[in-house]
Amino acid sequence: MMNNIIKKNRYLVLRRTLQFGLLLLFGGANWWGWKFLMGNYSSAYVLESFYLTDPHAVLQTFAAGFVMSTDAIVGGIIVLLFYGLIAGRSFCSWVCPVNILTDLATWMRKKWRLSENDNFLRINRKTRYWILGLGLILSPIVGVAAFEVINPIGMLHRGVIFGFGMGWTFVVAVFLFDLLFVEYGWCGHLCPLGAFYTLSSRFALIKVKHDAEKCTLCMKCKDVCHEIQVLDLIGEESGYIKGACSNCGRCVEVCDDDALKFSVYNYKT
Amino acid sequence: MADELQNNSRRDALKTLFQGIGVLGLGGSLWGSAAIKLKASELTLRPPGALEEEDFVKACIRCGTCVEACPYDTLKLATLDNHTAIGTPFFEARLVPCYMCPDVPCVPVCPSGALDVKVIAKQIDGHNTDEPDIRRAKMGIAVVDQETCLAYWGIQCDVCYRACPLMDEAITLEYKRNERTGKHAFLEPVVHSDICTGCGLCEHACVTEKAAIFVLPREIATGKVGEHYIKGWDKADEERLINIKKAETKESSPEDVLNDWEHLLDDE
Amino acid sequence: MSINRRDFVKTTAVAAAATAVGMTIPKNLLASAPDVSEGGWRWDKSVCRFCGTGCGIMLATKDGKIVAVKGDPAAPVNRGLNCIKGYFNAKIMYGADRLKQPLMRLDSNGNFSKNGKFKPVSWKVAYDEMEKQMRRSLDELGPTGIAVFGSGQYTVQEGYAMAKLMKAGFRSNNLDPNARHCMASAVVGFIQTFGIDEPAGCYDDIELTDTVVTWGANMAEMHPVLWSRVTDRKLSDPDRVKIINLSTYTNRCSDLADIEIIFKPHTDLAIWNYIAREIVYNNPESMDQDFIDKYMQFATGFVDTGYGMRKPDHKGFTDLERQTVKKEVSKIISKEEAVTLGYLGYKEGDTLEMKHRASANGHWAITFEEFKKGLEPYTLNFVAGLAKGNPEEDLASFRVKLKLLASLYMEQNRKVVSFWTMGMNQHTRGVWVNEQAYMVHFLLGKQAKPGNGAFSLTGQPSACGTAREVGTFSHRLPADMVVANPKHREVSEKLWKLPAGTINPKVGTHIMKIFRDLEDEKIKFAWVNVCNPFMGTANANHWLKTARKMDNFIVVSDSYPGVSAKVADLVLPVAMIYEKWGAYGNAERRTQHWKQQVVPVGSAMPDLWQYIEISKRFKLKDVWGAKDIPGLEGGLPDVLDKARDMGYDPEDTLYDVLFANEEAKSYAWPDPIGEGFSNTEAAGDGREIIGTNDEEWKGYGFFIHKYLWEEYRTFGEGKAHDYADFDTYHKVRGLKWPVVDGKETQWRFNSKYDPYARKEDAGEFAFYGKALKSILQGDLRGPIPSKGKKDLTNRAKIFFRPYMDPPEMPDAAFPLWLCTGRVLEHWHSGTMTMRVPELYRAVPEALCYMHPDDASEYNVAQGDLIWIDSRRGKVKAHVETRGRNRMPKGMIYVPWFDEKVLINKVCLDATDPQSKQTDFKKCTVKIYKA
């Protein structure tokens, strides 16, 4: 029984461990002077030897009119290649701390059945691409990396590590938005960073593979998916889950039929 | 019927398009003005080695590595209530000043180049080296309010002078006779803006209720002289000519000026 | 300036009152009566709590609290100005952790236990235990079994009451002030040279002189208001006026100075002799021959006197400590000493046996020729080589500076004032170097003249007024009298109305020895008054451990919980300066009184009350019987019979006899001078404090402060120590004693200004001090008793004193000099100023100042936390290679105000063997990263 619960949540446990672990390492750097991981999700100094940088931030900064140092750009390329060629959009569900918050909001939304009577606000999932573009257009106009100014990921991280100040308002806004208005509202509809990784990780190797032969159409996968549109092929045809899938693995672990599995993308098919 | 449907769907599509543009425009202008507001930071003191404010807010990736590197907890990342670009590092000298560490640990760790060793490069024989020199930091300038500075009252204070890490260079004491008492002297602190780094140790130490010496960003605290006048007694001042822009002139017609003579006569 | 009619009436009324008592008050010193403004606050005059400068202040009181302070514009010293400590006088009394009730170490049953925790107790319980413990020590060890740590921060009345209680009551001379650490060397210098204590000149010298030379006196930080006067003098005539700063490191005085001379620790002894040699050998015409012939006598003394340490066989020492302490018995003559002690026949490598430790004060008359012979080795080359303190400085430039220094002293018609403080006093040859200052000034006839003189500044607000003038030292009685002198005892016994033989003739324990005797369990009861000696005394590890681990009972009367209170057994909360009536005497002999401005906080009570309350618990029969005194043959006699003859009853308490006698009760309270002011001791203060007898405190019923002052001043009357009466001081901005015929004295020993000098009719000058004026004669090598004694009436002495090495000097194991001292922002151990938030913020911790090259050599950096480690102990501090004190290579400086950096754990407790003043300015340490 217990084993089963763990099995049914194995990726969730791993993801939360990684997400909180990273927060702890970042926090430790500030609170106790640890040297494992200094900085934050925009740029992290790893083991005092190299940097990992958010390529989207590098791009915005470039758009705003500043070419970052080589260290930062190299760090950005490493990250871009890692997600773009290997891990897919997994930043969003394995690393990003906002994901913890929006998952919580969704869980509460479902538990309290808040989703049943709220159809007054609908947002297209493509909005995030517009926001991504708008941010890059605004950056040179306002002379600052436009998304970074309002980025709730940075605010949440800084809030936890350095103290919130008034920054919690943005974070609470995201939480309430997801809780009260739109299911998976922020991560699934608005966040330009998610949009950025969706676009850039199109050809990543790690993807979830669906085996339609085994599928019993129980639809548990669709219940847990944040980007439900990526599961259009469920029960219809075998293949790889593409698009905005963040490789969270929820569908894999809830599937009782072994119809969904992490796999390496086969370009030949 | 089919036509109607088609018309309707076209109308819907147009409506959606306009709505989309409207939402984007509204969102964009809100976002843009919020961004401008949130980067407004004229009164902010930046870590040593920071680029010019305009470039700094562009360059800073808001990662906080400099904050973590600071051994004195001087640096903080701005939150919404700090009136400066959110997430960027800054310090409030009255709370915790910059202690001017000789190895300047906050600068080399910056990934983006927003804090740049080159800005404060140690110079040997006029050439920049790769080492930082904290004395070249230009975080701000200390300004003395002579009305509330106790030393200008004649009190033997000069706490700021002794707190200054560049004592006798950045702050010197100017001696003046106290005519009122007839036998005491004023020992007045004077800040030398070419040397002051803006570390704020003076502001931190000042004993008045609200500091009578305080650090302002250099842009706020300094004036600027036009390049058309060079100090005749100071050879080094000529360096200002290096940056001189081509003199802009505006043309206007002298005839128009000449023809405008009637106002010279008094009204009858 | 217009004076309104009401003010005019007020001032004339005061003037009339003064005339009535026969006083002429200089117009500018007239203080107006306290003024209650319409806003409801009252201004009244007082004096700054902190240093020996003695700045006058005005305090505003409202609703029983001090609300504001201002410099007193009428005060001659400071004319309305203050330094940054004085600026905060209004805030020092209201720190968050002010002691408000007696606290005693109690066990779980509520009984005293040495290992208990501090818990509040009533005044009665506190005094019951204190009495019990005092009796235990007195019974076991006699009068020498108890001791009191006194202070230069006592008010005059407090010091006087404690001296009377200890010396007349308990017949113990174990009362010694922290002022011992501060100016004892100056005192011995004064007494041996002039025969009377305290400076000849006054602060007006600053405005009148052409040259200010600071010798180990960082006036810019330690006497800031005086320094601003020096600065003004410099500005008034920048070309003529010269400022020379002599120090072992660059301090803030160098900012103003024309010449800065950085010398190696202890070599001030050689520099003074170099100047004297320049005068005597190369510029004899600069000598004031007439002055020397008429008023001077050459003299010298012993050199093999040790360094005021204990003998190395003491069981309390570690082997490391013994490496230094062994020099107390003998030392190897160094290369330099071979030159400077050559006149005694010593050569390099010889052993100097310390044979005259017990008679270190011995000195004798010599001829000018002998004197001159002694100076012979101090050539420019020798002294420059020995004394250059900054390794980076070029020897030639150092020579030029020394030569310039000497020529400024010698220049005809150039007036010179030499100021010094702790640099010359905290010195294992401090008395010598004080005397050398007078030597140079005397040779040139530049002493006791307006604008000319060697001027010893004091650190504490009443080091002069109380510690010295009242005589709260283990060897002193009021007005420069000493316990060892039978005539002085007789005079004192008469004035105190004691039976003859009451006063103990055996000199008591000086402050260092109180600690040492506590460690050796020769003293088992000690009472700390108005100071923090467990933080302020060198080699503190010994004493902190002693307080906590040995069999003794330590009482600390204090206003804030400092280090001493922390290691005490009983802590008594005291009223602070403006919560009591009092008087201080500053460095220029100016006595200033103030009134109680506010009622003390909590259950805190004035020190004076605390001392007098204990006197109620001892009867004459307890203390005036025969007593054993170690080292005093026959002990103290039983004087009870004589006491009976004088009308005393053995059942009388010390309170009845010493403090509440008929004379005392004649000073009634209320008194017109105190109208509108509280007097906690005289009448209670409305707080309904439950006193030491468990009854509500309602006052003694008489004006105890006025009584004590009036009795005290009879000691000095007619002996060149005259003061004005109590009331006068409440009308003026202080007066410089001797106050004769209502007039203060600016320059002593000068017939033009000093009525006592005039009275002697000895010419232009009369050095009329009476002490040590009949001395043996001899030559440089020693006294020759066959020559008989020489009478030196009205003469002062010019001493020859040689250079000697200090007992601890840098070596491979401990390569750095350590110098300690103060900073402008904090007072002494910081119990008051560290509690003023603004001052704390300004300088929150004691830093270790060092040369950047030393920092790199010892692998530490600016801001690093390091250990400062000596043969005695170690503390941690942060490195400061910039900032106020710029150290030469090879020396570090750590101020002592910070409890967290208890630097006295590191310091050596060597003292001047004559003055017993500790040398806090030099010992050796090593440093390494913490």
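Evaluate the following for residue C:507: is it under 26 Å from residue C:131 (Cα atoms) and surrounded by fewer than 22 Cβ atoms within 10 Å (Cβ to Cβ)?
Working: under 26 Å from residue C:131 (Cα atoms): yes; surrounded by fewer than 22 Cβ atoms within 10 Å (Cβ to Cβ): yes.
Yes, satisfied.
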Inset, instruction - Could you tell me which of the residues C:83, C:51 is touching a strand residue (DSSP E or B) at 6+ places or on another chain (Cβ under 9 Å), at pLDDT below 95, within 14 Å of chain B (Cβ to nearest Cβ) and buried (at least 23 other Cβ atoms within 10 Å of the Cβ)? - result: C:51
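In contact (Cβ under 8 Å) with a residue 60 or more places away in the chain, assigned by TED's automatic domain parsing to the domain that holds residue C:605 and over 32 Å from the mean Cα position of the chain (by Cα): is that true of residue C:119 in this structure? Reasoning before the result, please.
Values: in contact (Cβ under 8 Å) with a residue 60 or more places away in the chain: no; assigned by TED's automatic domain parsing to the domain that holds residue C:605: yes; over 32 Å from the mean Cα position of the chain (by Cα): yes.
Here the answer is no, as residue C:119 does not meet what is asked.
Quick check on this structure: which one of A:52, A:80 is within 12 Å of chain B (Cβ to nearest Cβ) and in contact with a helix residue (DSSP H, G or I) (Cβ under 7 Å, 6 or more places away or on another chain)?
Working: A:80 fails: within 12 Å of chain B (Cβ to nearest Cβ).
Being within 12 Å of chain B (Cβ to nearest Cβ) and in contact with a helix residue (DSSP H, G or I) (Cβ under 7 Å, 6 or more places away or on another chain) holds for just one of A:52, A:80, which is A:52.
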Inset, instruction - Answer yes or no: is there a residue in segment C:170-191 that is in the same structural domain as residue C:611 (by TED's automatic domain parsing), in contact with a Gly (Cβ under 9 Å, 6 or more places away or on another chain) and among the β-branched types (Val, Ile, Thr). - result: no
Inset, instruction - Select from segment B:78-104 the residues that are open to solvent by 10 Å² or more (accessible area, probe 1.4 Å) and at the interface with another protein chain (Cβ under 9 Å from one of its Cβ atoms) and write down the one among them that is nearest to residue B:44 (Cα to Cα). - result: B:82
Inset, instruction - Test each condition in (1) facing chain C (nearest Cβ under 9 Å); (2) of a type outside the set (A, V, I, L, M); (3) in contact with a strand residue (DSSP E or B) (Cβ under 6 Å, 6 or more places away or on another chain); (4) closer than 30 Å to residue C:204 by Cβ for residue B:152 and report the one that comes out false. - result: (1)
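Taking into account only those residues within segment C:821-850 that are in a loop (DSSP other than H, G, I, E, B) and farther than 20 Å from residue C:893 by Cα, which is nearest to the other protein chains (Cβ to nearest Cβ)?
Kept after step one, since they are in a loop (DSSP other than H, G, I, E, B), are these residues of segment C:821-850: C:822-832, C:836, C:843-846, C:850.
So of that shortlist, the ones also farther than 20 Å from residue C:893 by Cα come out as C:831-832, C:836.
Working: C:831: 19, C:832: 15, C:836: 9 Å.
Ranking the candidates gives C:836 first.
Need a quick list: helices (runs of 4 or more DSSP H) entirely within segment A:89-206 having at least 3 residues that are of a type in the set (Gly, Ala, Ser). Lay out the reasoning, then the answer.
Details: elements: A:98-111, A:127-142, A:146-150, A:152-162, A:168-176, A:192-200.
Correct list: A:127-142, A:192-200.
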Legend entry - Every pair of residues 6+ apart whose Cβ atoms lie under 8 Å, when the first sits in segment A:201-218 and is under 23 Å from residue A:81 (Cβ atoms) and in contact (Cβ under 8 Å) with a residue 60 or more places away in the chain while the second is among the aliphatic types (A, V, I, L, M) and open to solvent by 80 Å² or more (accessible area, probe 1.4 Å): A:203/A:85; A:204/A:85; A:205/A:85; A:205/A:264; A:206/A:264; A:207/A:264
Legend entry - Among residues of segment C:635-652, those that are assigned to a strand (DSSP E or B) and crowded, with 19+ Cβ neighbours inside 10 Å, counted: 1
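If I filter segment B:148-165 down to residues being out of contact with any Phe, Trp or Tyr (no Cβ under 9 Å at 6 or more places or on another chain) and touching a residue at least 60 places away in the same chain (Cβ under 8 Å), which single residue comes out as surrounded by the fewest Cβ atoms within 10 Å (Cβ to Cβ)? Steps first, answer last, please.
From segment B:148-165, those out of contact with any Phe, Trp or Tyr (no Cβ under 9 Å at 6 or more places or on another chain) are B:148-149, B:158-164; that's our starting set.
Narrowing the set further to residues that are touching a residue at least 60 places away in the same chain (Cβ under 8 Å) leaves B:148-149.
Details: B:148: 15, B:149: 20.
Among residues in segment B:148-165 that are out of contact with any Phe, Trp or Tyr (no Cβ under 9 Å at 6 or more places or on another chain) and touching a residue at least 60 places away in the same chain (Cβ under 8 Å), the one surrounded by the fewest Cβ atoms within 10 Å (Cβ to Cβ) is B:148.
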Legend entry - Candidate set: segment C:222-245, residues that are in contact (Cβ under 8 Å) with a residue 40 or more places away in the chain and outside any loop (DSSP other than H, G, I, E, B); chosen: the one most open to solvent (accessible area, probe 1.4 Å): C:242
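So that you can scan it fast, the table gives a plain yes or no per residue for (1) touching a residue at least 60 places away in the same chain (Cβ under 8 Å); (2) at negative phi:
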site	(1), (2)
C:590	yes, yes
C:599	yes, yes
C:606	yes, yes
C:611	yes, yes
C:614	yes, yes
C:619	no, yes
C:631	yes, no
C:649	no, yes
Inset, instruction - Go through (1) over 14 Å from residue B:214 (Cβ atoms); (2) of a type in the set (D, E, K, R); (3) not in a strand (DSSP E or B) and name the single condition residue B:174 misses. - result: (3)
Legend entry - Hits in segment C:606-629 - residues which are outside any loop (DSSP other than H, G, I, E, B) and either aromatic (Phe, Trp, Tyr) or in contact with a Cys (Cβ under 9 Å, 6 or more places away or on another chain) (or both): C:609, C:611
Legend entry - Output for segment A:10-36, where each listed residue is closer than 23 Å to residue A:149 by Cα, under 21 Å from the mean Cα position of the chain (by Cα) and within 12 Å of another protein chain (Cβ to nearest Cβ): A:26, A:27
Inset, instruction - For residue A:99, indicate whether it is touching a residue at least 60 places away in the same chain (Cβ under 8 Å), open to solvent by 60 Å² or more (accessible area, probe 1.4 Å) and polar (S, T, N, Q). - result: no
Legend entry - Members of segment A:165-188 that are touching a residue at least 40 places away in the same chain (Cβ under 8 Å) and farther than 14 Å from residue A:106 by Cα: A:171
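In the list C:151, C:108, which residue meets the criterion of being surrounded by fewer than 21 Cβ atoms within 10 Å (Cβ to Cβ), under 20 Å from residue C:566 (Cα atoms) and among the hydroxyl-bearing types (Ser, Thr, Tyr)?
C:108
When you check residue B:210 against the structure, is it open to solvent by 100 Å² or more (accessible area, probe 1.4 Å), within 14 Å of chain C (Cβ to nearest Cβ) and out of contact with any Lys or Arg (no Cβ under 8 Å at 6 or more places or on another chain), yes or no? Give the steps one after another, and end with the answer.
On the way: open to solvent by 100 Å² or more (accessible area, probe 1.4 Å): yes; within 14 Å of chain C (Cβ to nearest Cβ): yes; out of contact with any Lys or Arg (no Cβ under 8 Å at 6 or more places or on another chain): yes.
When the stated conditions are applied, residue B:210 passes them.
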Legend entry - Selected residue (only one of A:44, A:72 is assigned to a helix (DSSP H, G or I), within 14 Å of chain B (Cβ to nearest Cβ), buried (at least 19 other Cβ atoms within 10 Å of the Cβ) and of a type in the set (A, V, I, L, M)): A:72
Legend entry - Residues within segment A:47-64 that are outside any helix (DSSP H, G or I) and open to solvent by 50 Å² or more (accessible area, probe 1.4 Å), tallied: 5
Legend entry - Output for segment C:786-814, where each listed residue is in contact with a strand residue (DSSP E or B) (Cβ under 6 Å, 6 or more places away or on another chain) and assigned to a helix (DSSP H, G or I): C:787
Inset, instruction - Considering only segment B:1-114, give the helices (runs of 4 or more DSSP H) lying wholly within it that have at least 2 residues that are within 27 Å of residue C:883 (Cα to Cα) and over 14 Å from the mean Cα position of the chain (by Cα). - result: B:65-69
Legend entry - Condition met for residue B:177 (among the basic types (Lys, Arg), within 14 Å of another protein chain (Cβ to nearest Cβ) and open to solvent by 40 Å² or more (accessible area, probe 1.4 Å)): yes
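The values are calculated or read from the model by the stated rules, or taken from the named source; none is laboratory data. Note that the structure is predicted; figures quoted are calculated from it, not measured. Here the Cβ is made from the backbone with ideal geometry for all residues, glycine too, and neighbour counts use every protein chain on show. Surface accessibility is based on the protein's heavy atoms, side chains included, excluding ligands, DNA and RNA. Shrake-Rupley method; radii C 1.70, N 1.55, O 1.52, S 1.80 Å.
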